[in-house]
Every structure is written in structure tokens, then in C-alpha cells.
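A.B. asks: Would you mind keeping the following structure in view while I ask a few things?
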Amino acid sequence: MKNLKVLVIAVIMAVGFAAPASAQFSWGPKVGFTTSKLHLNKDALDSKNQTGFTGGLMAEVMLPVFNLGVDCSVMYVHRAAKFENETLNRDYIEIPINLKWKIGVPAIGNIVTPYLFTGPSFAFLCSKKDYKNFVENKSCDITWNFGLGVQLLNKIQVSASYGLGLSKAVETKAFDINGVETPIYNGKDRYWTVTAAYLF
């Protein structure tokens, strides 16, 4: 519930920022792939990079005077993590909300426009929470994204971003001799994402 309140506040702030009548609105489909790795709190286990995929819808609101804006997406994301011979697959509905700055380039701005963006991402687990009774996937995974991209012909956006996990994404469990559950390891997501979007 607390994470949901944070999400609602962030969306309200994004909409409030982009509210002026002069703002330019566009939206469209967005697809891509992600390479993720769990950053564990202990070094006894080694998590290896695994590739997943993502797809969904994106909306963008820009203020033409300052070349600043906000984009928000609703994405389905498949992430994986590999420990020894075990692969942990996780599926999320992810909502990234980014502050975006488009860098105006004289003469070619209508053809090629680079941009930078950053902001939080809220991923809600939609696959099973427990994995083989000793790994628990957390219901909400919060990260902060840093990225750059290029807009082509004012329609196509290709971007790359790095997500830095702020909350625990998974936690392993064990039981002591008294049957009391004890957490052993926890991991935060670190991932690269490359996407392409077509905006109307």
C-alpha cells in the first residue's frame, strides 16, 4: 500500500508538471530487451547476467519552450537471474516515469534529436511470489533509471538506460532448528534496457 501511494504521488507530480496548454502530447507502442543481474548482499552466490524482454505503451508530454518533458510507460517485463544451475524467472508490470530533456540541434532537429532522461520505475510482480519454497520474489521492485536516446523524424525513439535497484527484489529463506524462518540473502536488480518506440 505504501508503494502504491508513492506511485500515485509520482504520477500526479508528472501530470502537474506537464499540464500547460502549450505542451505537446504523443504516445505509442514501445518494445525492447533487458539484461539484468541481481546484486546480492553477500558474495557467496554469484548471479550472472540474463537477457529478458519488455513491451508496452508509452506516453510523452513535452514543453517546447524548454525542451523539457515527462514520459511514462506501462510495460510488461520479463527478467531472469541465474545462480549456479538455477534460473529465477520473474514477470512484472513496470511503470517508469522519467524527466526528459531533448537537446535541440540546429538545422537537423526535425531529423535527429538526442535526449537524456532519468526517473523512478515501479515494477509490480505478476508471476509467482515463491520459487521452490526458499526464494521469495518481492511484490514491488523500485529502481531509478538513467538513460539517453535519440529521436528520429519526430516519430521514432531509440534509447538505452541503466536501472539501479532501490528496494529488495528477491530474498532467500531458511529455517533454523526451531523452525523459525530466517532471511539469508537478498538481491537488488541492476539492469540495462534498450527500447524502441513509435509515437503518434
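The values are calculated or read from the model by the stated rules, or taken from the named source; none is laboratory data. From a predicted model like this one, the values you see are computed outputs, not experimental measurements. When we count neighbours, we look across all protein chains shown, and the Cβ atoms used for this are built from the backbone with ideal geometry, even at glycine.
A.B. asks: Checking the condition more than 17 Å from G187 (Cα to Cα), out of contact with any strand residue (DSSP E or B) (no Cβ under 8 Å at 6 or more places or on another chain) and of a type in the set (F, W, Y), which residue from F66, F146 passes? Reasoning before the result, please.
C.D. replies: Numbers: F146 fails: out of contact with any strand residue (DSSP E or B) (no Cβ under 8 Å at 6 or more places or on another chain).
F66 is the lone residue from the list that is more than 17 Å from G187 (Cα to Cα), out of contact with any strand residue (DSSP E or B) (no Cβ under 8 Å at 6 or more places or on another chain) and of a type in the set (F, W, Y).
A.B. asks: Restricting the search to segment 34-57, which residues are modelled with pLDDT of 80 or more, loosely packed, with under 15 Cβ neighbours inside 10 Å and touching a Ser or Thr at 6+ places or on another chain (Cβ under 6 Å)?
C.D. replies: T51, the sole residue that qualifies.
A quick yes/no check of all residues on (1) closer than 15 Å to A197 by Cα; (2) surrounded by fewer than 13 Cβ atoms within 10 Å (Cβ to Cβ); (3) in contact (Cβ under 8 Å) with a residue 40 or more places away in the chain:
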{"position": "D91", "(1), (2), (3)": "no, no, no"}
{"position": "K102", "(1), (2), (3)": "no, no, yes"}
{"position": "G109", "(1), (2), (3)": "no, no, no"}
{"position": "L125", "(1), (2), (3)": "no, no, no"}
{"position": "E136", "(1), (2), (3)": "no, no, no"}
{"position": "C140", "(1), (2), (3)": "no, no, yes"}
{"position": "K155", "(1), (2), (3)": "yes, yes, yes"}
{"position": "V158", "(1), (2), (3)": "yes, no, no"}
{"position": "Y162", "(1), (2), (3)": "no, no, no"}
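A.B. asks: Still on this structure: Among the residues of segment 61-73, are any touching a Lys or Arg at 6+ places or on another chain (Cβ under 7 Å), surrounded by 15 or more Cβ atoms within 10 Å (Cβ to Cβ), at pLDDT 80 or above and among the acidic types (D, E)?
C.D. replies: Among the residues of segment 61-73, at least one is touching a Lys or Arg at 6+ places or on another chain (Cβ under 7 Å), surrounded by 15 or more Cβ atoms within 10 Å (Cβ to Cβ), at pLDDT 80 or above and among the acidic types (D, E), which makes the answer yes.
A.B. asks: Let me ask you something else. Kindly indicate which of P120, P114 is touching a helix residue (DSSP H, G or I) at 6+ places or on another chain (Cβ under 7 Å) and either part of a strand (DSSP E or B) or touching a residue at least 12 places away in the same chain (Cβ under 8 Å) (or both).
C.D. replies: Numbers: P114 fails: touching a helix residue (DSSP H, G or I) at 6+ places or on another chain (Cβ under 7 Å).
Unique residue meeting the criteria: P120.
A.B. asks: Just the residues that are modelled with pLDDT under 80, at negative phi and not in a strand (DSSP E or B), please, taken from segment 168-190.
C.D. replies: D176, I177, N178, V180
A.B. asks: On the basis of being over 15 Å from K30 (Cβ atoms), in contact with a helix residue (DSSP H, G or I) (Cβ under 8 Å, 6 or more places away or on another chain), of a type in the set (A, V, I, L, M, F, W, C) and touching a residue at least 24 places away in the same chain (Cβ under 8 Å), does F146 make the cut? Write out each step before concluding.
C.D. replies: Details: over 15 Å from K30 (Cβ atoms): yes; in contact with a helix residue (DSSP H, G or I) (Cβ under 8 Å, 6 or more places away or on another chain): no; of a type in the set (A, V, I, L, M, F, W, C): yes; touching a residue at least 24 places away in the same chain (Cβ under 8 Å): yes.
When the stated conditions are applied, F146 does not pass them.
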